[in-house]
Amino acid sequence: MIIKPKFRGFICTTSHPEGCAYSVQEQIKYVKQQRPIKGPQKVLVIGSSTGYGLASRIVSTFASGASTLGVFLEKPAANGNTATAGWYNTAAFEKAAAEAGYYAKSINGDAFSDQVKTKVIEQIREDLGQIDLVIYSIAAPRRTHPVTGEVFSSVIKPIGDSFTSKTVDLNSNEIVDVTLKPATEEEIRGTVAVMGGEDWERWMHQLKGAGVLAPGATTIGYSYIGPKITYPIYKEGTIGRAKDHLYATSKEINNQIKDIEGKAFVAVNKALITQASAAIPVVPLYLMLLSRVMDTKGLEENCIEQMYRLLGSKLCETKNLSSADQMIRVDDYEMRDDVQEEVAKLWEKACAGDLNIIPDLEEYRKEFFKLFGFGFDDVDYDKDVNENVPILSIQSQE
């Protein structure tokens, strides 16, 4: 079939298999051009099919030579519909890993469920014995509690007062006002239940209890803080409350695994264009301006570059962190004073209509399309392609 991008709201409902494969290959190519990393050799990535999770898996494999097990919830192609981008990403990654002689298997299912946790533990026991790095990179709209059956939903809202600011309307290419009403206590609770640290802790508790954590194992949960511009909708909003819970959980996990000399950290990563960030008011405009400033200063990093720096150098630096500090700042370039000062100035100009943001908007849209495999110059999007692409390890398990 010939596949073109189709949208519903902020979500692209189609994905391009060859475009996604090209994106994965470009990330692998970057990693191969860097120096090898002496890192963990048996890695579990929970949320491994897109973004930081996928990049972490690529770096672990092609920079450290690690065996990786990935967990995600994605849809294969069916009934004339394309697969999700994460499905195509994983298919391309596993194919490349197999060709290079690396172990790579994947489990497709609800990572919040105990059934998937049990399946992962069984896979580790069968193939790997124990793992020495667990990456938790889950971003989901809802979660069903595995014990109570309660369904929680996450929301993007301020806490306390309504919030009005500027954002970008990607349909009209205009800067518009947006007002969000404050979250209710139930919405705050739901967001923390989905995006906080409870499920991460549950994973670590079950992995340790099953004896599949190697002595000295490390676990990292991914987070974001952001600048003051986004505080009301992010750091001080419902998502921020959930991320505070994630950080508090890292300390609890650290205590739980210290008897095997394990360590738990939260990595605070740079703001990037993702499916989730596109739906957060204020954030798209901030991302456009941030990219302009960081690119000018030679500081811009994409997803794979961030994860290579995290696993290649930042993780090593944790040896110098105090026992009370479980936070790794990979957003250090973004949060530099000179960067944020320039972004703030551009923000004021953009909101006043004094700044031409059309070039930034065009670049933003291009990067957003790439999340779904579209917009790569070297891919022929007028060519008939097969949307039914298998994931090697999942095919072999059926």
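The values are calculated or read from the model by the stated rules, or taken from the named source; none is laboratory data. Everything quoted here is computed from the prediction, not taken from an experiment. Cβ sites come from the backbone with ideal geometry, for glycine too, and all protein chains shown count toward neighbours.
Please verify whether the range 194-209 includes one or more residues that are in a loop (DSSP other than H, G, I, E, B), under 24 Å from Asp331 (Cβ atoms) and modelled with pLDDT of 95 or more. Steps first, please.
Looking only at the range 194-209, we keep the residues that are in a loop (DSSP other than H, G, I, E, B), and these are 196-197.
Then keep just the ones that are under 24 Å from Asp331 (Cβ atoms); that gives 196-197.
Next, from what is left, pick out any that are modelled with pLDDT of 95 or more: 196-197.
Within the range 194-209 (the criterion being in a loop (DSSP other than H, G, I, E, B), under 24 Å from Asp331 (Cβ atoms) and modelled with pLDDT of 95 or more), the answer is yes, since at least one residue qualifies.
Restricting the range 57-101 to residues that are under 15 Å from the mean Cα position of the chain (by Cα) and not in a helix (DSSP H, G or I), which is surrounded by the fewest Cβ atoms within 10 Å (Cβ to Cβ)?
Of everything passing the filter in the range 57-101, Leu73 is surrounded by the fewest Cβ atoms within 10 Å (Cβ to Cβ).
Being surrounded by 20 or more Cβ atoms within 10 Å (Cβ to Cβ) and either in a helix (DSSP H, G or I) or in contact with a Leu (Cβ under 9 Å, 6 or more places away or on another chain) (or both) is the filter here; which residues of the range 16-27 pass it? It would help to see each step written out before you state the result.
From the range 16-27, those surrounded by 20 or more Cβ atoms within 10 Å (Cβ to Cβ) are 16-21, 23-24, 27; that's our starting set.
Scanning the range 16-27 gives Pro17, Glu18, Gly19, Cys20, Ala21, Ser23, Val24, Gln27.
Taking the range 32-56 only, how many residues are buried (at least 24 other Cβ atoms within 10 Å of the Cβ) and not in a loop (DSSP other than H, G, I, E, B)?
Residues in the range 32-56 being buried (at least 24 other Cβ atoms within 10 Å of the Cβ) and not in a loop (DSSP other than H, G, I, E, B): 10 in total.
Can you name the number of the only condition in (1) within 21 Å of Met327 (Cβ to Cβ); (2) surrounded by 20 or more Cβ atoms within 10 Å (Cβ to Cβ); (3) touching a strand residue (DSSP E or B) at 6+ places or on another chain (Cβ under 9 Å) that Tyr234 fails?
(3)
Can you name every residue in the range 203-245 that is among the hydrophobic types (A, V, I, L, M, F, W, C), within 18 Å of Tyr52 (Cβ to Cβ) and touching an Asp or Glu at 6+ places or on another chain (Cβ under 9 Å)? Steps first, please.
First pass over the range 203-245, keeping only residues among the hydrophobic types (A, V, I, L, M, F, W, C): 203-204, 207, 210, 212-214, 217, 220, 225, 229, 233, 239, 242.
From the residues that got through so far, the ones that are within 18 Å of Tyr52 (Cβ to Cβ) too are 203, 220, 225, 239, 242.
Answer for the range 203-245, where residues must be among the hydrophobic types (A, V, I, L, M, F, W, C), within 18 Å of Tyr52 (Cβ to Cβ) and touching an Asp or Glu at 6+ places or on another chain (Cβ under 9 Å): just Ile225.
Which number in (1) closer than 30 Å to Glu261 by Cβ; (2) in contact with a His (Cβ under 8 Å, 6 or more places away or on another chain); (3) not hydroxyl-bearing (Ser, Thr, Tyr) marks the one condition that Gly373 misses?
(1)
Could you say which residue among Leu346, Leu315, Leu392 is modelled with pLDDT of 90 or more and under 24 Å from the mean Cα position of the chain (by Cα)?
None of the others qualify; the one that does is Leu392.
Here are some residues: Phe369, Phe376. Which one is aromatic (Phe, Trp, Tyr) and either touching an Asp or Glu at 6+ places or on another chain (Cβ under 8 Å) or not in a helix (DSSP H, G or I) (or both)?
Working: Phe369 fails: either touching an Asp or Glu at 6+ places or on another chain (Cβ under 8 Å) or not in a helix (DSSP H, G or I) (or both).
Sole residue among the options that is aromatic (Phe, Trp, Tyr) and either touching an Asp or Glu at 6+ places or on another chain (Cβ under 8 Å) or not in a helix (DSSP H, G or I) (or both): Phe376.
Can you tell me how many residues within the range 354-369 are in contact with a helix residue (DSSP H, G or I) (Cβ under 7 Å, 6 or more places away or on another chain) and either loosely packed, with under 10 Cβ neighbours inside 10 Å or at pLDDT 95 or above (or both)?
Residues that pass the stated criteria total 0.
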